[in-house]
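Undergrad: I have a structure here, written as structure tokens, and I will follow up with some questions on it.
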Amino acid sequence: MHAGARPPPLGRDHDRPGPRLRRPRLRRREVRRLLGTTVHRHDHPVRPRSGHGAAGQACPLLLRAVRPVRTGGGLLGRGSARGVRRCRGAHTRRVRAWHRGPDPAPAGARAAGHRGDRRYPRGQHLPRRAAAVAVVPAAPRPGRGGLPDAVARLLPLRLVDAVRRRHFRRPGPAGRAPGAGRSADSRHGRWRERGGALNGRVAIVGGGHNGLVAAALLARSGRDVVLFEARPELGGLASTRELIPGHRVDAGSHDLGMFRRSVMEELELAGHGLELIEAPAVAAVPATADSSAVVLWPEVGRTVEGLGGVSRRDAAAWPGFVFELAERAATLEPLLSRPLELADIGGLLIAPEVLRALSSPLEESLRERFENRSLLAGLCGVALPATGLGPRANGTGWPLLFHCALGGSDRLAPVVRAQGGAGALASALATSAAASGAEIRTGVAVSRILVDSGRVAGVQLADGERIEAGAVISTATPSVTFLELLGASVLEPRFVRRLLNVKYRGAAARLALSLDGLPAFRGLERPALTGRIVLAEQPDDIERAADAAKYRRLPDRPWIEAALPTTLDPSLAPAGRHLLLATVHHLPFDLDGGWDAGGPELLARVAAELERWAPGIGGLVREHALLLPTDFEADYGATAGGLHHGEMNPSQSLWLRPTASAWAGEPLPASGLWLGGAGCHPGGGLTGLPGTIAAVSLLRG
Ligand SMILES: Cc1cc2nc3c(=O)[nH]c(=O)nc-3n(C[C@H](O)[C@H](O)[C@H](O)COP(=O)(O)OP(=O)(O)OC[C@H]3O[C@@H](n4cnc5c(N)ncnc54)[C@H](O)[C@@H]3O)c2cc1C
């Protein structure tokens, strides 16, 4: 191994045992340029096999070098060592580099499993299809220089003896003899997943709505399912909590407009207590001193009638806009509702209008049709929550199409609420799952996803209990799943790099207000108050908020997506009270100066803004509760407070969600592991689709 610019001296390369290699990454040429000639060593201490013959062929790799560390009191475990590396310089332990040394197999029953974690996934490895994971380089010694700051960068390395070897005559993960369960049509000798993973238990990490959907679908298909949710209540970012005494407050999402009706029917959620209420209005922008109110209704004619009083041009353009949107959304909808196949790319490419619409700046494409700034603000307010992007950014057409494709394309993202709050969806899902035999455990955090010989073996809980499982579906964010639960050390460096590059922008805060009465938003009657109330005068208000977030500042005038759920379901608040949920979007997670000072400042700015839109509302407020972006991360594991487990833009959607090398339905770094949360295809929102796709993919094997 060589860390510097010069080629390594002959005979001083490191070989590595080659565990967990999965995909083609570096071509030989690229490495030769970096490394020059390499000599294969036959007696390297960390290489477990012979270097002779075809199997001794060199294979170039990119490796992330890490050093084992130990404290004055002894070796650190993997978990604590990671902590030490992360806060280099800030820890109190005395740490020094250490060479692994001899590692003989122990006597007894465990002998065959010795170094089991170094085997290739699925017990095999394809020629020239290799990518690397972390490797522990030997300590410096005379003749071999040290690796300066080895943890921090990737090191090119030639792997000897990586290919065409399988572990013949060794027992498999579950005591299975190699060859057993091998499919006849498997030309590359791959092990079939079906035997191992699917006959065993499925562990699900996270009891948000996606985890519950997956649990219910799998249990219904006869799988043995156990779900773990860290919080005491189910629902995740769509849970209902008593944040204000006597009130049922939705902590996150409260709109079921995109939730799949097919899943609802399949799981018989109505029979399990779910009752939906569709709001008469889709979105409304109240009047200001110099603009009239605009209301968007599900019915095209009703919207046209209202727009007629605001802008004749816009009223005339509305039916055509809705029709075209419906057409484009219909092209997209099938891609969002099932595991993706490569053929789908072709389908998208032959729909240039869809490509243009999803890649353009939203404001620009809306201005091609409409002129009224409140209407433009309303449409941007429907599309852009939680994207982290201002309406002038490329790619902001995507979220509007997404909402329409999943919300019922002919009705422009209708608002649908659950009687009793969004948590009622989680309750119905949990009841359905339990009725089919799933075990649901709340207040139980998963601390690790266990992997043995490249495939999932179960999960370890925070209290140390180990639960065996043949497959794991994680609905935690991709960062939490891979970097915390699985551990970066078992991942390819390229994959880790891609994970670190996933954007989680799009943080928000949720302010819940208990009001003595219905607030008077200018120009809006009661039915118009049932949907989204967009408090932005024009798209520029959203653009400026996005700009402020970019520079880690609070917006001078936050834009707010407000809702009055008690207009549809009075049971959410004590008699005579109304509940206002104000979601403040486009906030920075890493606010300059921190959220301890920023929280009260945000509250003051939001209160001033609400007063501007609904004069006198301040006098109605009895109690309030505020959830900040940091609360969403701390309470729900939502990385960087992102509402959708990753920004929703074209560069992180479809085959690119969460990364280009791992999308829903694709095998992940450990065989038997599936992503099933909002961080994977098709993305965030209360759709139930990521959970469905994970369950379907797992059942298909
Ligand atoms: C303020 C706000 C407003 C929103 N508004 C809307 C909206 O209007 N419309 C819409 O469609 N969407 C909205 N969303 C987004 C939507 O709520 C989410 O995208 C969706 O709920 C994600 O569901 P999920 O099941 O994939 O993940 P989550 O709901 O995040 O569930 C993941 C669960 O995993 C648990 N977990 C994490 N790590 C572990 C672990 N190690 N062990 C055990 N459990 C673990 C978490 O506690 C959590 O319960 C909003 C979100 C927020 C926060």
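The values are calculated or read from the model by the stated rules, or taken from the named source; none is laboratory data. Because the structure is predicted, anything quoted here is derived from the model rather than measured. Note: ideal-geometry Cβ built from the backbone for every residue, glycine included; neighbour counts use all protein chains shown.
Undergrad: Tally time: how many residues in segment 453-485 are in a helix (DSSP H, G or I), more than 20 Å from I693 (Cα to Cα) and away from the ligand (no atom under 11 Å from the Cβ)?
TA: Adding up the residues that qualify gives 1.
Undergrad: Taking A614, is it away from the ligand (no atom under 11 Å from the Cβ) and of a type outside the set (D, E, K, R)? So that I can check it myself, show each step before the final result.
TA: Values: away from the ligand (no atom under 11 Å from the Cβ): yes; of a type outside the set (D, E, K, R): yes.
The answer is yes for A614.
Undergrad: Out of (1) at pLDDT 95 or above; (2) surrounded by fewer than 19 Cβ atoms within 10 Å (Cβ to Cβ); (3) not assigned by TED's automatic domain parsing to the domain that holds L626, what's the single condition that is false for L518?
TA: With respect to (1) at pLDDT 95 or above; (2) surrounded by fewer than 19 Cβ atoms within 10 Å (Cβ to Cβ); (3) not assigned by TED's automatic domain parsing to the domain that holds L626, L518 is out only on (3).
Undergrad: Would you confirm, using the coordinates I've provided, whether E333 is part of a helix (DSSP H, G or I) and either among the aliphatic types (A, V, I, L, M) or over 29 Å from G523 (Cα atoms) (or both)? Spell out how you get there, then give the answer.
TA: Details: part of a helix (DSSP H, G or I): yes; either among the aliphatic types (A, V, I, L, M) or over 29 Å from G523 (Cα atoms) (or both): yes.
When the stated conditions are applied, E333 passes them.
Undergrad: Also: Among (1) at pLDDT 95 or above; (2) polar (S, T, N, Q); (3) crowded, with 18+ Cβ neighbours inside 10 Å, where does Q419 come up short?
TA: The one condition Q419 does not meet is (3).
Undergrad: Search segment 204-220 for residues being away from the ligand (no atom under 12 Å from the Cβ) and more than 26 Å from I277 (Cβ to Cβ), and hand back the single one that is surrounded by the most Cβ atoms within 10 Å (Cβ to Cβ). Explain how you work it out, then say what you get.
TA: At the first step, the residues of segment 204-220 found to be away from the ligand (no atom under 12 Å from the Cβ) are 216-220.
When the remaining residues are screened for being more than 26 Å from I277 (Cβ to Cβ), the result is 218-220.
Working: L218: 28, A219: 25, R220: 19.
Step by step, filter segment 204-220, then rank; the result is L218.
Undergrad: For segment 492-514, does any single residue satisfy the condition of being assigned to a loop (DSSP other than H, G, I, E, B) and at pLDDT 95 or above?
TA: No, every residue in segment 492-514 fails to be assigned to a loop (DSSP other than H, G, I, E, B) and at pLDDT 95 or above.
Undergrad: I need the full set of residues from segment 594-615 which are assigned to a loop (DSSP other than H, G, I, E, B) and crowded, with 16+ Cβ neighbours inside 10 Å, in order please. Talk me through it step by step, then tell me what you get.
TA: So in segment 594-615, the residues assigned to a loop (DSSP other than H, G, I, E, B) come out as 594, 614-615.
Answer for segment 594-615, where residues must be assigned to a loop (DSSP other than H, G, I, E, B) and crowded, with 16+ Cβ neighbours inside 10 Å: just A614.
Undergrad: Moving to a separate point now. Out of segment 221-276, which residues are surrounded by fewer than 24 Cβ atoms within 10 Å (Cβ to Cβ), of a type outside the set (A, V, I, L, M) and in a strand (DSSP E or B)?
TA: Hits for segment 221-276 are D224, F228, R241.
Undergrad: State which residue pairs qualify: first residue in the same structural domain as A670 (by TED's automatic domain parsing) and in contact (Cβ under 8 Å) with a residue 24 or more places away in the chain and inside segment 442-453, second residue exposed (fewer than 15 other Cβ atoms within 10 Å of the Cβ) and of a type outside the set (S, T, N, Q) in any location, beta carbons under 6 Å apart, and separation of 6 or more residues or different chains.
TA: T442/P232; G443/P232; A445/A462; S447/A462
Undergrad: Answer with yes or no whether D596 is within 28 Å of the chain's Cα centre (by Cα), farther than 26 Å from L362 by Cα and of a type in the set (D, E, K, R). Show your work before the answer.
TA: Details: within 28 Å of the chain's Cα centre (by Cα): yes; farther than 26 Å from L362 by Cα: yes; of a type in the set (D, E, K, R): yes.
Here the answer is yes, as D596 does meet what is asked.
Undergrad: Looking at (1) more than 16 Å from the ligand (Cβ to nearest atom); (2) assigned by TED's automatic domain parsing to the domain that holds A238; (3) out of contact with any helix residue (DSSP H, G or I) (no Cβ under 7 Å at 6 or more places or on another chain), can you tell me which one S436 breaks?
TA: (3)
Undergrad: Also, I was wondering about something else. Which members of segment 224-255 meet the condition of being near the ligand (Cβ under 6 Å from one of its atoms) and of a type in the set (G, A, S)? I'd like the intermediate steps shown before the answer.
TA: Residues of segment 224-255 that are near the ligand (Cβ under 6 Å from one of its atoms), as a first pass: 228-231, 236-238, 252-253, 255.
A230, G236, A238, G252, S253, listed by residue number.
Undergrad: State whether the residues of segment 432-440 include one that is modelled with pLDDT of 95 or more and farther than 22 Å from R220 by Cβ.
TA: no
Undergrad: Among the listed residues P690, P629, P682, identify the single one that is touching a Cys at 6+ places or on another chain (Cβ under 6 Å) and within 12 Å of the ligand (Cβ to nearest atom). Spell out the reasoning first.
TA: Values: P629 fails: touching a Cys at 6+ places or on another chain (Cβ under 6 Å); P682 fails: touching a Cys at 6+ places or on another chain (Cβ under 6 Å).
Of P690, P629, P682, the one residue that is touching a Cys at 6+ places or on another chain (Cβ under 6 Å) and within 12 Å of the ligand (Cβ to nearest atom) is P690.
Undergrad: For residues that are under 26 Å from S489 (Cβ atoms) and within 12 Å of the ligand (Cβ to nearest atom), scanning just segment 643-656, find the one that is modelled with the lowest pLDDT. Walk me through it before giving the result.
TA: Filtering segment 643-656 for residues under 26 Å from S489 (Cβ atoms) gives 645-646, 652, 656.
Subsequent filtering for residues that are within 12 Å of the ligand (Cβ to nearest atom) retains 645-646.
On the way: H645: 93, G646: 90.
This residue is G646.
Here is a yes/no grid of residues against (1) exposed (fewer than 14 other Cβ atoms within 10 Å of the Cβ); (2) assigned to a helix (DSSP H, G or I):
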{"position": "V295", "(1), (2)": "no, no"}
{"position": "G306", "(1), (2)": "no, yes"}
{"position": "G320", "(1), (2)": "yes, yes"}
{"position": "A326", "(1), (2)": "no, yes"}
{"position": "L340", "(1), (2)": "no, no"}
{"position": "L366", "(1), (2)": "no, yes"}
